[in-house]
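The values are calculated or read from the model by the stated rules, or taken from the named source; none is laboratory data. Remember, it's a predicted structure, so these values are computed and weren't measured experimentally. All Cβ positions, even for glycine, are placed from backbone atoms using ideal geometry, and neighbour counts span all protein chains on display. Just so you know, the surface numbers come from the protein's heavy atoms only, side chains and all, with ligands and any DNA or RNA stripped out. Shrake-Rupley method; radii C 1.70, N 1.55, O 1.52, S 1.80 Å.
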Amino acid sequence: MVDPNLLIGLSMLTTGLVLGAIFALTAAGVTIVYGCIWLPNAASGQFFLLAPLVAWSLSTAMGWSPILAVAAVLIAGLPFAYLLERLLIRRFYDVPDRNIAYFVVTLGITQILSGVFSITWGQWSDQYNIPPLAEGVVFIGPFPLPANRLIALVGALALLGALFVGLRYHRFGRALRAVFQNREAAALRGVDVQRIYLGAFLLGTSVIFAGGLLYAMAYSFDLSVAWSMGITAFAIMIVGGPGSVLGALVVGMLFGFVQAAVSVFASPTAATLSYLLAMLVILLLRPSGLFAR
Amino acid sequence: MNRMRASKDMWLWISGAALVIGLALATAGNRFAAFIIGIVFLNVLWTAGMNLLYGYTGLVSMMTAGVAGIGAYGTVKLFLDYGWSFWFAVPVSAVGAAAVGVILGLPALRLRGFYFVLSSLVIQVALTLVFIYFPQFTNGDTGITQIPRPGLWLPGFGAVDLTGPGFEIILGLLALAGVAVVYMIIRSRMGAFIIAIREDDLLAEELGIDVTRYKVMVFFISSLLMAVGGAFYAVYTGFISPRSFDVLMSMNIWLMVAFGGRGTIAGPIIGSAILVPIPFLLQELYQIKDIFYGSLIILVTVAMPAGVYGTILKWWRVRRQKQNTAVAPVAIKRMPAE
Amino acid sequence: MGVFGVELRRRHEACRGGDRCGGGVLGRPLRFLVIDNQTNPTQALAAARSFDAQDKVLVISGPTSSDNALAIYGYAEQNQVPFLVPVAAFPQLTKPGTQWTFRLEPAAVGWGYSIAKFVEQKKPGAKIAIMYSDFALMRAIAAGLKYQIPRSNLTAGPEIVFPQGSSDATIQATQVRAASPDYVVVIGAGAFDNTITNQLLDLGVKPDQIIHPFGFTTNILGWGARSVGSYFGTFFDHDLDGVTAEGKKFIKDFAEKNGRPPSYIENFCYTTPYVIKQAIEQAGTVDRAKFRDALRALQTKETTSGVPIAFDKNGARQEYIYYMQITSMDVAKKEYSAKQVFYMEWSPEVIPVYDLVK
């Protein structure tokens, strides 16, 4: 018999990593959009859900292989985000206090999408499983980790790494960060701010889609995921500092481990309330977040 | 001049009272229609509070439903468990709820713009969780059912039956009183101050207005209106649960104000009168309700930032301005005073 | 927070499909309340009021499982309208003093009680772990089970509560596994139910150690083919031993139309119009009070399975439950088979239902 404490420790480690990486990735998507365009996307939870729902339809009803379905969703996400930016987001670039206007508009999008979900996917099923990419379990020491969840974890960490490196060293990433820090100065230096806005929206939205797809590879999901994930991603962004990808990464991991560990040490309900409390305290004491420059 | 306005105002309130009593009596024969009217009245009260906060002071609060919920749960607790008279329980719990609202909202009131919106949203979510997870006060997510309507004894009338149109009349008069409170505040010195805060709070601060103090006062008064509305909602519908006071309700109240026309007295009333009945009348189309509401939110923000009444007012002014230009070009100079 | 939000709508469709009363009884139409978990209580109340005041219906019936059921319950009791609830397991719907409400589905506290009875018979003294989501329905099931465990001389194992919105149960599953219970009762909400189930299986818990208090077609398929061997409670299943000829026809028609077998939810909806019709025929009139009295006196059987239908003084159904063991599953074809392993009937107040859940 294996020492149960070792098993619990390993389970905490893997769960914290999987949840933390997905949280961090999703929050990074939200924070890129907010930091650059000042667009607090209240519909990020719905976006997070939309991607795996489409992938679910492709892979179960249409019989596509899950890999193909995931890739197709990520590609199809680009024109979706592009249209949204052209038709709606773009209109507010010059509005004063546009973050409030955006918040309201995206709340509207949230309502529309949840209405759409409930008359489409909601009618078809009440829980969704994307067929696994790989069957079986991988043993980490004595601890069995399903191969599929391991793939999701590796995917999330790879994407996070790519995002981090890309923002730091790629030309577009540097221009994006310049706009984060000071849009007037960036514009004076010849950066086409509107193009960067478009790029940030496409990138951030795709990252949120990717987060949703990875989540769906690791877990069963249902329509309630949108709400809980939207709140979590927002909380991470606020605590980490809107616009800070590093903040999203650190705080996202932290939240993942807290959610993983809390039922071992405290009541799970306390955990839910403690998220909100952390968010509130940060908002009140340091509205720009822990990792703001 | 003042006297003329005062007498004009008085006639306006009297005809308003006549209108709500008339509406309540006209629908007395059809209890479904009466219920819709009653809920519209409650929303007029709530939107009056939201209008003071958002329309006149520029604070977008997403925790209004939570405050209404505290008022409702507090009243029901005192009324049912402690056997208080409903009419005594309402003011006590409303003041309590408004105080709790201010205490929770006070730190957030220092924050500007979007950070205030976010903080209030977080507080709203936390309040919903409190309603769910403290069942000893709230009966948890199943809610409290069979809340009886209170009796009322009026001097000169004796015991008044509140099961029929009596209660809708009370709700109507309450809504009217709420609107009147907002109207009087706007006409007072405080009104000028809070509008200055809405327009530019830094400038207002420089002019010597105690911005935080006025924000807190406005927040307290609007919370009071919310909580009273919540308490009456509880006994009127006979049922409350955490979902009666969730973030969607905060959003809906905000939407009614923005849709009708923020910062106008009539706007929120128009907003409530149009938006509240829609889901009740379109019950068969319940599936597209969310899509409809979402589209409306976007439409208002993009196309009608001033709301229905605000757009009408603007159109009316432009028209009048054109006429004046044709007759007497001098008149234009007075326009910026608006 | 819609656990059953989706299912409710399907229930509603099933109810419409199940309206076999040919456009009404004694010249009065039968209408069903169309609401779901996304409907807020104000709208549910308005809908009830509209039926009562506008359409002057004889009885309100609606597939409701959320707090809306309680809201309409309050309305029905205050305004003296008969309210027949097909699918809603809150015990509060029939709390002592209830006059106008009747519940077709057994109360959730009783489901928990029956799990202990089932295990007591299967393996005396067994150790039971409970994992449940923090929703009213799940709490009620857990309350009944926890009450009965010591009385059935069973051993209580770990009890784990998940907050609403949880996504991972690996650690909790590891904890449960470490306590090596004989059975794990899994009461998750929505998709999280699948996650808990699969993570328990990942960690080496055997399928036949897992008991689900309730299983309807979509969530049984959601557990996946690995769950063959697991147990679930139900009130109707296409593989029951006692399905009648009419029941077989119902199953066949439903499967042809929907591509999957019906479960207890659809069966309750199928049964509801039948119960209403019988009560009206016995009352011989469409007077609300007489109809209510006829429902109280009703002694009949479900036409699909032969299970008795009778209500106690509070409108609670004479309770019953089946436990089934999954014997095969094909998720892609939306098919599973199961065998009946346990059946019991009991009177609602054998356990202090109304004290366990307030």
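Numbers for the structure displayed
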{"quantity": "Distance in nm between pseudo-label sites at A:Ile75 and B:Ser7 (7 Å out along the Cβ direction from Cα)", "calculated": "7.9"}
{"quantity": "Residues of the stretch C:125-146 buried by at least 20 Å² on assembly (accessible area, 1.4 Å probe, chain alone as reference)", "calculated": "C:Asp134, C:Ala136, C:Arg139"}
{"quantity": "Under the span-like rule (Cα at least 24 Å along the axis, Kyte-Doolittle mean at least -1.0), DSSP H helices of chain C", "calculated": "C:264-283"}
{"quantity": "Residue-normalised accessible area of the stretch B:2-289, expressed per residue, 1.4 Å probe, Å²", "calculated": "39"}
{"quantity": "Estimated buried accessible area (total), pair C and A, 1.4 Å, Å² to nearest 100", "calculated": "2700"}
{"quantity": "Listed residues B:Trp254, B:Trp316 arranged by accessible area, highest first, probe 1.4 Å", "calculated": "B:Trp316, B:Trp254"}
{"quantity": "Global geometry of the protein assembly as shown, whether rounded, prolate or oblate, following the gyration tensor of its Cα atoms and the 1.5 cut on a/c", "calculated": "oblate"}
{"quantity": "Estimated buried accessible area (total), pair B and A, 1.4 Å, Å² to nearest 100", "calculated": "3000"}
{"quantity": "Residues in the stretch A:208-240 that, when all protein chains are in place, have 50 Å² or more less accessible area than the chain alone would give (probe 1.4 Å)", "calculated": "A:Tyr219, A:Ser220, A:Trp227"}
{"quantity": "Per-selection Rg to Rh, the stretch B:2-289 - Cα, Kirkwood hydrodynamic radius", "calculated": "0.97"}
{"quantity": "Highest-fluctuation residue, C:Asp52, C:Asp239, C:Asp253 considered, GNM on chain C with Cα pairs under 10 Å", "calculated": "C:Asp253"}
{"quantity": "Descending semi-axes in whole angstrom, ellipsoid equivalent of the stretch A:4-285, from the Cα gyration tensor", "calculated": "30, 23, 19"}
{"quantity": "Kirkwood Rh, angstrom, chain C [1 / mean 1/r, Cα pairs]", "calculated": "20.6"}
{"quantity": "Helix B:64-76 axis, angle to chain B major axis (alpha carbon atoms, nearest 10°)", "calculated": "30"}
{"quantity": "Choice from B:Arg320, B:Arg149, B:Arg198 showing the highest fluctuation, given a GNM over chain B with Cα pairs closer than 10 Å", "calculated": "B:Arg320"}
{"quantity": "The stretch A:4-285 - charge dipole about Cα centre, Lys and Arg +1 at Cβ, Asp and Glu -1, debye rounded to 20", "calculated": "760"}
{"quantity": "Choice from C:Pro91, C:Pro213, C:Pro124 showing the highest fluctuation, given a GNM over chain C with Cα pairs closer than 10 Å", "calculated": "C:Pro124"}
{"quantity": "Solvent-accessible area buried by B and C, counting both chains, probe 1.4 angstrom, square angstrom", "calculated": "3000"}
{"quantity": "Gap separating the Cα centres of the stretch B:146-162 and the stretch A:202-226, nearest whole Å", "calculated": "55"}
{"quantity": "Förster radius 30 Å - calculated FRET efficiency between B:Val216 and B:Arg317 (Cβ-Cβ, nearest 0.05)", "calculated": "0.35"}
{"quantity": "Derived scalar couplings ³J(HN,Hα) [the stretch B:263-269; Karplus, 6.51 cos²θ - 1.76 cosθ + 1.60; whole Hz; x for Gly, Pro]", "calculated": "x, 10, 6, 6, x, x, 5"}
{"quantity": "Inter-label distance for C:Lys313 and C:Glu159, nm, one decimal - labels placed 7 Å from Cα along Cα-to-Cβ", "calculated": "3.1"}
{"quantity": "For the stretch C:230-313: accessible area per residue (Å², 1.4 Å)", "calculated": "39"}
{"quantity": "Point-charge dipole on Cβ atoms (K/R +1, D/E -1) for the stretch B:2-289, about Cα centre, debye to 20", "calculated": "360"}
{"quantity": "Residue-wise HN-Hα coupling along the stretch C:346-358, computed from phi with Karplus coefficients 6.51, -1.76, 1.60 (Hz; x: Gly, Pro)", "calculated": "7, 7, x, 9, 4, 10, x, 3, 7, 8, 6, 10, 9"}
{"quantity": "Most to least accessible of C:Thr217, A:Thr110 (protein chains only, probe 1.4 Å)", "calculated": "A:Thr110, C:Thr217"}
{"quantity": "Estimated vicinal HN-Hα couplings, Hz - the stretch B:34-45 in sequence order (Karplus 6.51, -1.76, 1.60; Gly, Pro = x)", "calculated": "4, 5, 4, 4, x, 5, 4, 4, 4, 5, 4, 4"}
{"quantity": "For the protein assembly as shown, with +1 on Lys and Arg beta carbons and -1 on Asp and Glu, the positive-most of A:Ala134, B:Tyr73, C:Ala289 along the dipole", "calculated": "B:Tyr73"}
{"quantity": "Cleavage-rule hits, chymotrypsin sites (Phe, Trp or Tyr not before Pro), the stretch B:255-294, DSSP coil, Cβ neighbours within 10 Å at most 16", "calculated": "none"}
{"quantity": "Kirkwood Rh and Cα Rg combined as Rg/Rh, the stretch B:79-150", "calculated": "1.07"}
{"quantity": "At least 20 Å² of accessible area lost relative to the chain alone, listed for the stretch B:241-258 with a 1.4 Å probe", "calculated": "B:Arg243, B:Val247, B:Leu248, B:Met251, B:Trp254"}
{"quantity": "Cα-based reach from C:Lys334 at 30 Å (exclusive), listing lysines while leaving out same-chain residues under 8 positions away", "calculated": "C:Lys122, C:Lys206, C:Lys248, C:Lys249, C:Lys252, C:Lys257, C:Lys301"}
{"quantity": "Cut-off under 5 Å, modelled amide H: who pairs with C:Val185 long-range", "calculated": "C:Ala129, C:Ile130, C:Met131, C:Ile211"}
{"quantity": "Surface share of carbon and sulfur [accessible, 1.4 angstrom probe, percent] for the stretch B:12-102", "calculated": "76"}
{"quantity": "Between the stretch B:112-135 and the stretch A:129-192, the alpha-carbon center distance in angstrom", "calculated": "31"}
{"quantity": "Accessible surface ranking that places the most exposed of B:Val160, C:Val184 first, with a 1.4 angstrom probe", "calculated": "B:Val160, C:Val184"}
{"quantity": "Heavy-atom surface of the stretch A:35-126, accessible at 1.4 Å and reported per residue (Å²)", "calculated": "38"}
{"quantity": "Cα gyration tensor category, rounded, prolate or oblate, for the stretch C:145-231 with a/c compared to 1.5", "calculated": "rounded"}
{"quantity": "Rg to Rh quotient for the stretch C:284-351, alpha carbon positions, Kirkwood Rh", "calculated": "1.16"}
{"quantity": "Directionally averaged projected area (convex hull, Cα atoms, the stretch B:11-170), nm²", "calculated": "11.6"}
{"quantity": "Distance in nm between pseudo-label sites at B:Ala28 and A:Leu68 (7 Å out along the Cβ direction from Cα)", "calculated": "7.1"}
{"quantity": "Kyte-Doolittle mean at least -1.0, axial Cα span of 20 Å or more - DSSP H helices of chain A", "calculated": "A:4-37, A:66-87, A:98-119, A:147-169, A:193-218, A:225-240, A:245-265, A:268-285"}
{"quantity": "Computed magnitude of the charge dipole of chain C (debye, nearest 20; Cβ of K, R +1, Cβ of D, E -1)", "calculated": "360"}
{"quantity": "Part-to-part distance (alpha-carbon centres) for the stretch A:1-51 and the stretch C:183-254, which is given in Å", "calculated": "30"}
